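S.K.: This is the structure I have questions about; it appears just below.
Bear in mind these aren't lab numbers, they're just calculated from the coordinates by the rules spelled out. Everything numeric here is computed off the predicted structure, so don't read it as measured data. Cβ: placed from backbone, ideal geometry, glycine included. Neighbour counts: every protein chain shown.
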Amino acid sequence: MSLQVRVEKKVNGFFLDIEWQIQNELAVLFGFSGAGKSMTLQLIAGLAEPDRGVVILDDTVYFDSSSKKSAPPQKRPFGYVFQDLALFPHMTVLQNILYGAVDISGRKRLSKKEKSDRADEMIQRFRLTGLEARYPNEISGGQKQRVALARALIRQPSMLLLDEPFSALDLPLRLEMRKFLKEVRDQFNIPAILVTHDFEEAAAISDKIIIYEHGKIAQIGSPEQIKSAPANRYVAQLVASCCSFQ
């Protein structure tokens, strides 16, 4: 599976101009706040529209400014986990998960049984058995994270997009959720893009790091390449300021 992103977007005087490609891997978008990382996820998912460019997954075009093609978010095969998780407070755990149970292949609407079967599978896989009737304010931070992941994956997306999902967690829970995310990727065999401003987190979980510098790409490489051979002074200073190497 291959995702090609080549987009330009001007937002409140900020200009995002990027081009990169990922394969079947976990790629991390890394950089300081305001560098354009979260905006990139929104452009991929269709939550925002580029001024110019393309978003192509394998051979399917989801955005192309030259042909004026722009698929709506519900027709794009991406599961999205928001930074604040965006769980509905008036819905139970089960209802929140079922909210994501839509078919994105375009073949037909899911039946009640299909939705129920998928929800049962998510409840079991994400260790949420017994919590189905609880509301978000009645479960822990880690459980909320698992509900958000289950809701994103119940639609059987081709790729998972995560916008700083662990930023509000304390360190022990962040470490637990990093491990859990790796387990999820192995179970579902799905590529993912994670946004973070924590280099240690990026290095711990990623196959590839894409470093943003003021709306442009400063460097793309493995965690080891970024650490040992930063492309320029900005990358070197960014990495040095965000982590202490073991």
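S.K.: Whole-Å semi-axes of the chain's equivalent ellipsoid, largest first, each the root of 5 times a Cα gyration tensor eigenvalue?
M.R.: 30, 23, 15
S.K.: Report the charge-dipole magnitude of the range 76-195 in Debye, nearest 20, computed about the Cα centre from +1 at each Lys and Arg Cβ and -1 at each Asp and Glu Cβ. Kindly include the intermediate steps, with their values, before the conclusion.
M.R.: Working: 20 positive and 14 negative charges, 86 e Å.
Here the size comes out at about 420 debye.
S.K.: At q = 0.12 Å⁻¹, what log₁₀ I(q)/I(0) does a Debye calculation on the Cα points of the range 1-98 give, no solvent, two decimals?
M.R.: -0.45
S.K.: Residues with beta-carbon under 15 Å from that of PHE30, excluding PHE30: net charge, scoring Lys, Arg +1 and Asp, Glu -1? Provide the component values of the computation, followed by the final result.
M.R.: Numbers: positive: LYS37, ARG178, LYS208, LYS216, LYS227; negative: GLU25, ASP163, GLU164, ASP198, GLU200, GLU201, ASP207, GLU213, GLU224.
In short, -4.
S.K.: Hey, with R₀ at 51 Å, roughly what FRET efficiency would SER111 and SER65 work out to, going by the Cβ-Cβ distance, to 0.05? Intermediate results must be reported in sequence, preceding the final value.
M.R.: Details: r = 37 Å, r/R0 = 0.73.
Efficiency at R0 = 51 Å is approximately 0.85.
S.K.: Suppose R0 equals 22 Å; then what is the FRET efficiency for ASN232 and LEU171 from their Cβ-Cβ distance, rounded to the nearest 0.05?
M.R.: On the way: r = 30 Å, r/R0 = 1.38.
It comes to 0.10.
S.K.: What are the principal axis extents of the Cα atoms in the range 140-246, in Å, biggest first?
M.R.: Principal-axis extents of the range 140-246 (Cα, largest first): 42, 29, 24 Å.
S.K.: Separate question: In debye, nearest 20, what is the charge dipole magnitude of the chain about its Cα centre with +1 on Lys and Arg Cβ and -1 on Asp and Glu Cβ, if you could check?
M.R.: On the way: 32 positive and 29 negative charges, 139 e Å.
Value, rounded to 20: 660 debye.
S.K.: Turning to a different aspect of this structure: Points 7 angstrom from Cα along the Cβ direction at VAL11 and GLU200: gap in nanometres?
M.R.: Label-label distance for VAL11 and GLU200, simple model: 2.8 nm.
S.K.: What is the packing order of peptides 128-134, 180-186, taking the mean over residues of other C-beta atoms within 10 Å and listing the highest first?
M.R.: Result, highest mean first: 180-186, 128-134.
S.K.: So, R0 is 25 Å and r is the distance between the beta-carbons of GLU25 and GLN156; what FRET efficiency does that work out to, to 0.05?
M.R.: That gives a FRET efficiency of 0.85.
S.K.: Here is a further query. Taking a virtual spin label 7 Å from the Cα of ASN137 along the C-beta vector, which residues in the range 62-90 bring their backbone nitrogen under 18 Å of it?
M.R.: Those under the cut-off are 85-90.
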